[in-house]
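One structure is given here, and the rest of the page talks about it.
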Amino acid sequence: MEYRDYYKLLGLERSASAEQIKTAYRRLARKYHPDVSKEKNAEERFKEVQEAYEVLKDPEKRAAYDQLGSEWKSGQQFHPPPDWGSGFEFSGGPPPGGSRRRTYRAAPGESGAEDFSDFFASLFGGGSPFAGAGVGAHAARDHHARVDITLEEAFRGTTRTLELRRPAVASDGSLALETHTVRVTIPAGVTEGQLIRLQGQGSPGAAGAPAGDLYLEVHILPHALYQLDGRDVTLTFPVAPWEAALGASVNVPTLGGAVAMQIPANSQPGQKLRLRGRGLPGANPGDEYVQLKVVLPEASSPQARALYEQMRAQLNFDPRADFAR
C-alpha cells in the first residue's frame, strides 16, 4: 500500500495547531464537496481530505501517526512497523469481544472506514491496536493499550513493567506525550487478543468520580518454530526418509520442554501427529500438532548416488501413479 501524508493533503506543516487543522479541513471540504465542486476528481479529493481530518483532528490518532516520523513521502510503499501501537495508551474501553473483532465506525455524518484507504485501515482499522479508541460506555475514563509478549511468556505467564505514552493536548493546542508506568501480571495460558483489566489505572474521574480502568490487549509475537491457533500450536518437524518409512522414536520440542514421540511407519510428508495438552495451558489446554516434513539427503557423493540408483531399481515406486488417472 502507499503512504499518505495527511499534513500535505491538508496543506499544513506538522506543527499545525488544532484550529489550523480544522480551518484547513473546512476550506478544502467546501472546495471539493462532490455536490458543488467542479474540480477534477473532486469526490476522490474530498475523501482524502476527510480521511486526513479524521486522523489529525483526534489527538490520539495524530500522536500515533506522528510516531511514524516525517521521512515518509506520499506514494512510497508502506507497511506498518512490527511494533506499531506498542506503548500507546488510548481513551476508550474495549469493544465487546476485543478490538480485533471490531471494525472502525465513524461518527454520525462522517465517512466510514469503507470510504477510507488501505493505509488508514492498516493503522486505525478493525485489525489495528487502535480499533477500540474512543468507544465504550466510559470512553472518557477507561483506557486501553496493547502489550506484546512472546509465546513462551504466554505459556508460562510473566510480570511486565510497561511504560505507556498517553497523548495530551496542551493549552496552545499542541500535542504532548505523557508517560506513566504500570506493572501487570500476565497469567499462564493467556491467548491472542485477551484483555487484562487493571482497575483504576485509566484516567482520573471528573468531580471526584473514581478513576477509569486500563484494558491491556495481549498480542503474542510470531514465533520462529510454532504457529499459534487459539491454544493450539503447530510445529513443522523435519524427518529423514527412513524415519518416515520405517518409523522412529524422536525427541520433539514443545513449549514445556522436549518429549519423546513415536513416528509411525509409512508416515507421509505433511502428516500431522498430535501431542495432547502440549499447547497453551487453560481449563481446556491446547494441543501441539507436529507436521512432518521429509527432508531428502543430497546425492552429493558416489555412495549417495549409488543408494538412490539402487532404490530406483529395486523399489518399483511411481510417485505419480495416481496423478495420471
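Figures for the structure shown
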| quantity | calculated |
| --- | --- |
| Options 182, 233, 218: the member that is outside the structural domain of residue 61 (by TED's automatic domain parsing) and more than 16 Å from residue 148 (Cβ to Cβ) | 233 |
| Residue pairs meeting the criteria (Cβ under 9 Å; at least 6 apart or on separate chains; first more than 20 Å from residue 12 (Cβ to Cβ), in the range 22-46; second assigned to a helix (DSSP H, G or I) and among the hydrophobic types (A, V, I, L, M, F, W, C)) | 34/42; 34/46; 36/42; 37/46 |
| Matching entry among 70, 111, 74 (being under 23 Å from residue 9 (Cβ atoms), at pLDDT below 65, part of a loop (DSSP other than H, G, I, E, B) and not aromatic (Phe, Trp, Tyr)) | 111 |
| Qualifying residue in the range 275-285 (condition: out of contact with any His (no Cβ under 6 Å at 6 or more places or on another chain), basic (Lys, Arg), outside the structural domain of residue 152 (by TED's automatic domain parsing) and surrounded by fewer than 13 Cβ atoms within 10 Å (Cβ to Cβ)) | yes |
| Restricting the range 230-264 to residues that are assigned to a strand (DSSP E or B) and in contact (Cβ under 8 Å) with a residue 40 or more places away in the chain, the residue that is surrounded by the most Cβ atoms within 10 Å (Cβ to Cβ) | 233 |
| Subset of the range 1-53 [among the hydrophobic types (A, V, I, L, M, F, W, C) and in a loop (DSSP other than H, G, I, E, B)] | 1, 10, 12, 16, 36 |
| From the options 54, 43, 89, 39, residue that is at pLDDT below 85 and over 25 Å from residue 160 (Cβ atoms) | 39 |
| Set 179, 159, 236, 185: member being within 29 Å of residue 62 (Cβ to Cβ), within 29 Å of the chain's Cα centre (by Cα) and of a type in the set (Ser, Thr, Tyr) | 179 |
| Residue within the range 188-201 that is within 28 Å of residue 66 (Cβ to Cβ), out of contact with any Leu (no Cβ under 9 Å at 6 or more places or on another chain) and either surrounded by fewer than 15 Cβ atoms within 10 Å (Cβ to Cβ) or modelled with pLDDT under 75 (or both) present | no |
| Pairs with Cβ under 8 Å, 6+ apart, first in the range 299-325 and under 18 Å from residue 245 (Cβ atoms) and without any contact (Cβ under 8 Å) to a residue 24 or more places away in the chain, second of a type in the set (Phe, Trp, Tyr) and part of a loop (DSSP other than H, G, I, E, B) | 311/317 |
| Of residues in the range 206-229 being under 30 Å from residue 274 (Cβ atoms) and in a loop (DSSP other than H, G, I, E, B), the one farthest from the chain's Cα centre (by Cα) | 225 |
| Strands (runs of 3 or more DSSP E) wholly inside the range 151-205 that include at least 3 residues being touching a Ser or Thr at 6+ places or on another chain (Cβ under 8 Å) | 158-169, 175-186 |
| Residue within the range 265-279 that is under 30 Å from residue 159 (Cα atoms), out of contact with any Ser or Thr (no Cβ under 7 Å at 6 or more places or on another chain) and touching a residue at least 12 places away in the same chain (Cβ under 8 Å) present | yes |
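The values are calculated or read from the model by the stated rules, or taken from the named source; none is laboratory data. Keep in mind that this is a model prediction, so the values were computed, not measured. All Cβ positions, glycine included, derive from the backbone under ideal geometry; neighbour counts span all protein chains shown.
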